[in-house]
Structure formats: C-alpha cells, structure tokens
Amino acid sequence: MERTGSNGDACAGVKGSWARSCGSSEVLSWASCSASGWPPAERPERKAACYRPPMTARTLRLYIDYKSPYAYLAKDPAYELAAKTGVAIDWLPYILDIPAYLGSARVDGEGRVLEENRNAHQWRRVKYSYMDVRREANRAGLTIRGTQKIWDSSLAGIGLLFAKKHGVFRAWNDEVFERFWKRELDIENPVALKEVLQRAGADIATFDAFLAGEGRQELKTVQEDAERRGVFGVPSFLLPEGDLYWGREHFGRLREMLAA
C-alpha cells in the first residue's frame, strides 16, 4: 500500500515500515534506509523520503565529560555552532570509564610514574592523545596540562545537571573546564564544586541534598539512556532522529545539516 504523507511526493511509493515513518516526526537515517533496500536504486530521488526533515528549532544533545580534553576542545566550537545555526544544545554528562580501555596510572608533579596498570599499546595511545590535544589547545589559546591520575568526574557531572536547573550552566561549564585543565580545580571535591556554582550565580542551598540523592539518580538515568542510544565516548552529538556523531571532527558536517 502506497501513501503520501506530509513530505508530499517524496513519500509516494513508501511501503510498510517506511510508510509509517515517512512524513512523521520519526526520521530514519539514510544508512538504515539503504540497509533495508529503500529507496529502490532506480528511484534515487526518493532518498529524501527517509533522510531527515529541516533542522530548524530543534535540539541537539551534546554529551561531555570534564576529564576529557577532547570535550574541553569541543566546548567553544559548540557554543559557536549554536550561535550560528540557532540550534539549541542540551549539554549532558557522560562519565567515561577510562581504565576500561586505556588502563590507569598515577604520576607526580614532574610526570614520573608512581603507579600504573597499562600495557605498552595503551601508553602509546595516551601519549599521542596528549600530544594531539596540546597541539589543538595551542591553536585555540587554551591550557591543557596532563592529569596526574584518572579522575572520578561523577560529582562534576551532577554539578552540570544542577547548574542547568539553576540557569547558570555556561558560567559553570567554562570555569570547570578551564580550571580543571590548569590543575586548579579538584572535581572530586564537593566543596570546590559548590564554590564554582556559587560564583556562577546558583542558589547552592540545596546542592548537598541534590548531590546525595536526586542528582546521583539523574546522572545514572542520563548515562543509561545515552548508552541505549549508542553513546560510548565524548564529545558525542546526538541528533533528534537518533544519528550519532562522535568527535570534534564532525562540526563541519553538523553545521551543514543544521543550516540546510
């Protein structure tokens, strides 16, 4: 059975599950369409039927972790993306389990290794990553000093959620990223985080209770939802139709899509 939906002729001939989605708010990625054999090769113009609607007045989810230098490098370009395209960005915490894929280590102030649980391959990856992010940080005028241990950034993630609720997200986000990567902020210290929130303009009277209860549960919910949607690293950009883009290299593509 054929139908024409709100996408007009683009939906003509769309059958089965495609007919149920074409012209609706549910959008299927081109990769999904192609894998299912739609559109037929002889009708390439129907590609639009299962690609995406205009991106105006939409929200893009951006997952970050304060202990990720790549997330820090994505911060200002993300602000710029929102300003230039008009898209709303919903910033969300995603707490990385770095030891699971890069091992762990602790170093002193001079960079001497005090403890380690990494193989040679993991050390090469870590050393390259810091070389890479420092090159990019120098171009952007940012300071990134290598961390001395694997940090638990869950309290900072909860702080992000609290800052959003109190309308002070950007001031919070800027200070936490900048000072953490200058080694000036202990993101495992709730008192230090509370001071950042206060400087940002938040009413911190309920922060301790939020940190111990609602905020911890909300962080868990956000993390689990992100993983159901395919998120595994940061920065990750999730479009409303479910398409996921991991890494700063996708800003150009995102600008193209959002401006279309």
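Things worth noting here:
- Hey, Ala137 closer than 25 Å to Glu80 by Cβ and touching a residue at least 60 places away in the same chain (Cβ under 8 Å) or not: yes
- For region 129-148, the tally of residues that are of a type in the set (A, V, I, L, M, F, W, C) and either in a loop (DSSP other than H, G, I, E, B) or within 17 Å of Ile98 (Cβ to Cβ) (or both) stands at 3.
- For region 232-251, filtered to residues that are out of contact with any Lys or Arg (no Cβ under 9 Å at 6 or more places or on another chain) and closer than 13 Å to Ala78 by Cβ, the residue that is surrounded by the most Cβ atoms within 10 Å (Cβ to Cβ) is Val234.
- Candidates Trp151, Trp123, filtered to the one that is without any contact (Cβ under 8 Å) to a residue 24 or more places away in the chain and hydrophobic (A, V, I, L, M, F, W, C): Trp123
- If you go through region 175-191 and pick out every residue that is in a helix (DSSP H, G or I), buried (at least 17 other Cβ atoms within 10 Å of the Cβ) and among the hydrophobic types (A, V, I, L, M, F, W, C), you end up with 4.
- Every residue from region 196-237 that is closer than 20 Å to Asn173 by Cα and of a type in the set (Phe, Trp, Tyr): Phe207, Phe210, Phe237
Yes/no per residue for (1) of a type in the set (Asp, Glu); (2) crowded, with 18+ Cβ neighbours inside 10 Å; (3) more than 13 Å from the chain's Cα centre (by Cα); (4) part of a helix (DSSP H, G or I):
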residue	(1), (2), (3), (4)
Arg170	no, no, yes, yes
Glu195	yes, no, yes, yes
Arg199	no, no, yes, yes
Gly230	no, no, no, no
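- Among all residues of region 108-120, there is none that is closer than 21 Å to Ile64 by Cβ and in contact (Cβ under 8 Å) with a residue 12 or more places away in the chain.
Bear in mind these aren't lab numbers, they're just calculated from the coordinates by the rules spelled out. Note that the coordinates shown come from a computational prediction; the quantities given were computed from them, not determined experimentally. So basically every Cβ, Gly included, is an ideal-geometry build from the backbone, and we count neighbours across all protein chains shown.
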